[in-house]
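Structure first, then comments.
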Amino acid sequence: MTTTTNLQPKAVFDLFAAINKVPRPSKHEEKIIEYLVQFGKAHGLETEVDEVGNVIIRKPATPGMEGHPTVILQSHSDMVCEKNADVEHDFMNDPIQTYVDGEWLRAKGTTLGADDGIGMAMQMAVLIDDTIKHGPLECVFTRDEETGLTGAMGLKSGFMKGQYLINLDSEDEGQIFVSCAGGARTMAWWQLATEAMPEGFFTFRVKVSGLRGGHSGDDINKFRANANRLLVRFLCDEMEKTDLRLVDIQSGGLHNAIPREGWALCAVPYSYKEQVRVDLNHYLAALDEEIRAAEPDFQIELESQPAATTSLESEGVKRMLLSLRAVTNGVYAMSYDMAGLVETSSNLASIHLLENGRVEVATSQRSSVGSAREDISAAVRAAFQLGGAEVETTEGYPGWKMNPNSRLLEVATESYRRLFGKEAQVLAIHAGLECGLFSEKYPGLDMISVGPTLRGVHSPEERLHIPTVQLVWDHLLDILQNL
């Protein structure tokens with residue numbers, strides 16, 4: 001693992017390196033929770049874990065600042081676990097291997113864990129540095145933010161005592177977020193019978209790879225291709241031309257990531273064997289014109305496979321694939337209130353054949369307008385229901401509405417102007433933040449969200465812009481001193 005000795009601020013990067021030695025997949029945060037508890041106790045700080053696994057570490061005010069309001073610093077303790085197909089890595093046991101690439105910190109073929117490990121590291125650095133001036137502090141580490149926000153959902157009123165909250169889970173230095181989208185997941189299941197493969201069929205695997213992927217909220221407006229959509233489009237076209245049979249499909253990953261790769265195992269009559277290859281070449285030529293500028297490294301490959309003896313029932317597969325082709329994906333509406341902000345979107349996240357012919361499809365919908373989110377979820381459900389699927393939309397999570405009288409925002413913007421001689425951008429974000437849930441449980445809580453610059457989050461391309469960590473650190477300490 002690359003040393004962080006020369007990276008500044010040193011305490012933050014040293015703690016980030018230590019965090020990345022502790023496995024912390026979403027829904028498996030037991031080791032990082034224990035690590036945080038031991039960290040708090042080792043430094044003589046009041047430490048508490050609630051019923052769902054959120055950790056809070058409290059630090060008294062520095063002398064002379066006891067009368068200042070209590071500030072909550074908050075991040076989440078889990079990370080998205082994505083890796084390239086050719087990388088061997090056990091996220092339940094292996095440390096994240098990092099390296100410096102110019103001004104960026106990256107991981108070797110996996111997600112970096114800076115979302116939100118770098119926020120955790122900043123909190124911990126504040127907790128152990130007695131030279132920093134601040135009022136009473138509460139550092140809150142919520143669990144399972146990435147796959148359901150269950151930590152924030154399970155947070156009880158009264159667990160946090162502070163008046164102000166600084167969320168450290170944003171991804172652009174110089175931007176202060178004051179509002180976020182709400183979201184929900186829509187799941188669909190097809191139960192498909194298995195039937196014998198007719199004689200004289202050619203079996204092949206078609207694989208999509210090399211896409212950029214990214215965060216299904218923050219990157220949804222960047223015209224990145226969706227592996228599931230590319231795969232389904234090809235299968236639907238071939239289904240119209242040939243007696244295509246579907247044997248298996250495994251495509252996409254987490255619900256909050258734009259899918260980067262996927263594959264399907266198929267069969268067609270031998271008389272169509274060469275036609276399928278020709279069709280794929282035509283498809284690649286079309287995609288080269290459509291998406292190459294946004295996806296310079298995309299690939300679709302067709303490989304011969306041993307003859308399959310069974311496939312999924314043809315009529316059920318046809319209904320499913322047509323539903324998947326019709327379902328809404330990508331940006332659905334832009335905001336009327338804030339120029340450039342995506343208001344409503346949907347992401348076709350994954351398609352997986354499970355055991356016994358059951359195909360599971362995961363999607364996620366986001367919107368800064370509650371009724372619009374409900375509408376797009378209903379549209380996604382309708383496409384799946386028309387295809388004969390069993391469908392369910394989760395209860396979801398609320399958005400976070402801007403507080404026009406925020407004292408915390410006033411201090412943060414003045415601090416940024418004084419420190420750096422320019423204005424910070426005050427923005428809303430299309431991604432979901434836990435602040436939406438906090439605003440429900442703590443209606444009077446004054447909140448902002450900040451963070452250093454990250455790119456490629458939720459994918460192995462995740463990288464942290466090293467110089468921005470120092471800028472956010474300086475800004476954070478100045479806010480704490482002056483709030």
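The values are calculated or read from the model by the stated rules, or taken from the named source; none is laboratory data. Bear in mind the structure is a predicted one, so any value in this text is a computation, not a measurement. Positions of Cβ are generated from backbone atoms using ideal geometry, with glycine treated the same way; all protein chains shown enter the neighbour counts. With ligands, DNA and RNA removed, areas are computed over all heavy atoms of the protein, side chains included. Shrake-Rupley method; radii C 1.70, N 1.55, O 1.52, S 1.80 Å.
So, in the range 327-340, exactly how many residues are touching a residue at least 40 places away in the same chain (Cβ under 8 Å), in contact with a Leu (Cβ under 8 Å, 6 or more places away or on another chain) and open to solvent by 40 Å² or more (accessible area, probe 1.4 Å)?
Total meeting the criteria: 2.
Restricting 313, 343 to residues that are open to solvent by less than 70 Å² (accessible area, probe 1.4 Å) and over 24 Å from residue 246 (Cβ atoms) narrows the list to 343. Of the residues making up the range 371-392, just one is open to solvent by 40 Å² or more (accessible area, probe 1.4 Å), touching a strand residue (DSSP E or B) at 6+ places or on another chain (Cβ under 6 Å) and among the polar types (S, T, N, Q), namely 385. The set of residues in the range 413-436 being closer than 21 Å to residue 340 by Cβ and open to solvent by less than 50 Å² (accessible area, probe 1.4 Å) consists of 413, 416, 424, 427, 428, 429, 430, 431, 432, 433, 435, 436.
Does residue 447 satisfy the criteria of being in contact with a strand residue (DSSP E or B) (Cβ under 8 Å, 6 or more places away or on another chain), surrounded by fewer than 20 Cβ atoms within 10 Å (Cβ to Cβ) and of a type in the set (A, V, I, L, M)?
So residue 447 fails the test.
The strands (runs of 3 or more DSSP E) falling completely within the range 336-410 that include 2 or more residues that are at pLDDT 90 or above and among the small types (Gly, Ala, Ser) map to 342-353, 358-367. Within the range 9-35, take every residue that is open to solvent by 60 Å² or more (accessible area, probe 1.4 Å) and among the basic types (Lys, Arg) and give me the one that is nearest to residue 123 (Cα to Cα). Looking at residues that are open to solvent by 60 Å² or more (accessible area, probe 1.4 Å) and among the basic types (Lys, Arg), I get 10. Within the range 464-476, being crowded, with 22+ Cβ neighbours inside 10 Å and outside any helix (DSSP H, G or I) holds for one residue alone: 464.
Of the residues making up the range 51-63, those that are in contact (Cβ under 8 Å) with a residue 40 or more places away in the chain and open to solvent by 60 Å² or more (accessible area, probe 1.4 Å) number 2.
Here's the yes/no breakdown for (1) in contact with a strand residue (DSSP E or B) (Cβ under 9 Å, 6 or more places away or on another chain); (2) more than 21 Å from residue 409 (Cβ to Cβ); (3) buried (at least 23 other Cβ atoms within 10 Å of the Cβ):
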residue: 124; (1), (2), (3): yes, yes, yes
residue: 127; (1), (2), (3): yes, yes, no
residue: 136; (1), (2), (3): yes, no, no
residue: 143; (1), (2), (3): yes, yes, yes
residue: 148; (1), (2), (3): yes, yes, no
residue: 153; (1), (2), (3): yes, yes, no
residue: 157; (1), (2), (3): no, yes, no
residue: 166; (1), (2), (3): yes, no, yes
residue: 170; (1), (2), (3): yes, no, yes
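Scanning the range 304-331 for residues that are assigned to a loop (DSSP other than H, G, I, E, B) and within 26 Å of the chain's Cα centre (by Cα) yields 327, 328, 329. Of all residues in the range 65-93, those that are over 20 Å from the mean Cα position of the chain (by Cα), touching a residue at least 40 places away in the same chain (Cβ under 8 Å) and open to solvent by 60 Å² or more (accessible area, probe 1.4 Å) total 4.
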